[in-house]
1. Could you sort out which of 9/72; 51/120; 107/153; 64/120 sit more than 23 Å apart by Cα distance in this structure?
2. Between residue 197 and residue 56, how high is the FRET efficiency from 1/(1 + (r/R0)^6) when r is the Cβ-Cβ distance and R₀ = 41 Å? Nearest 0.05.
3. With a cut-off of 8 Å between alpha carbons and a minimum separation of six or more residues, what is the relative contact order of the chain in percent?
4. Which of the following values of P(r) over Cα pairs in 10 Å bins from 0, in percent was calculated from the structure shown: (i) 7, 21, 23, 19, 14, 10, 5, 1; (ii) 8, 34, 37, 15, 5, 1; (iii) 9, 33, 32, 18, 7, 1, 0?
5. Among DSSP beta bridges whose residues both lie in the range 1-107, state the antiparallel percentage, nearest 5.
6. Mind checking the range 13-62 for chymotrypsin sites (Phe, Trp or Tyr not before Pro) that DSSP puts in a loop (not H, G, I, E or B) and that have at most 11 other Cβ atoms within 10 Å?
7. With a ≥ b ≥ c the root eigenvalues of the C-alpha gyration tensor of the range 97-201, is it rounded (a/c under 1.5), prolate (a/b larger than b/c) or oblate?
8. Testing the spin-label approximation: label points 7 Å from Cα along Cα→Cβ at residue 12 and residue 186. State their distance in nm.
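Just so you know, all these numbers are worked out from the coordinates, no wet-lab data involved. This structure is a prediction, so every number in the text was calculated from the model and none was measured. Here the Cβ is made from the backbone with ideal geometry for all residues, glycine too, and neighbour counts use every protein chain on show.
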Amino acid sequence: NTMDDLRLKIGSEKEPVAQTSGYYAAGDGGGNSFYWDGTSGATDNGATIIKPTFVSGAGRWLAKDTSIISLKQCGAYGDNINDDSVAWSVFCNLDGCDGIIEDGTYKITSHTTISSGVLKTIIGIGNPTISITLPINTNFLTCNRQVHFEHIKFDFNNGYVKNGITYAASLGEIILKDLTFKNVKDTDSSTGTILISVTAD
């Protein structure tokens, strides 16, 4: 049913695949399909690479399809109650896959840095909201790779954010489409907030 259940299971030649029905509970939207790789020692990322609890060396459950991963498959609740900051960071930093954010409100309480890597496209499905509550004068998201965002609402909850989304230099084309930024205040009611910042060469 859940990711915790998967961690209690060690794969074999007789049972080389597994399907989770959810992340925390069956039907919560975080389910995924995995295959067993008895030679893998990859680091558990809580989403596409899962190390069973009773494995000390090689042996991992690997997601069968990593071309597109949802935020809920990375452990987000999307209920605006539980903190989804860790899941958001995992989601944003997965290499070699695009991301979808399904309908829901995702609570984020810390700055996130997206490491360098290949182009990543993140698209909202339905009406997803990233609900951001940060310490005063804090940046929300720093992108060190090309990240395209589409159809997402960013709600800063009247927090005093410094920079919304910051891009490093020399990333190439960046596409931002159908984004909403709401409830943003200046950093200290006198210094303006920058929602999109692109560092020049």
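1. Over 23 Å apart, Cα to Cα: 51/120.
2. According to the calculation, E is roughly 0.35.
3. Relative CO of the chain lands at 12 percent.
4. Given (i) 7, 21, 23, 19, 14, 10, 5, 1; (ii) 8, 34, 37, 15, 5, 1; (iii) 9, 33, 32, 18, 7, 1, 0, the structure-derived one carries the label (iii).
5. Looking only at bridges with both residues in the range 1-107, the antiparallel portion is about 65 percent.
6. Qualifying residues, ordered by number: 54.
7. oblate
8. Using points 7 Å along Cα→Cβ, the separation is 6.8 nm.
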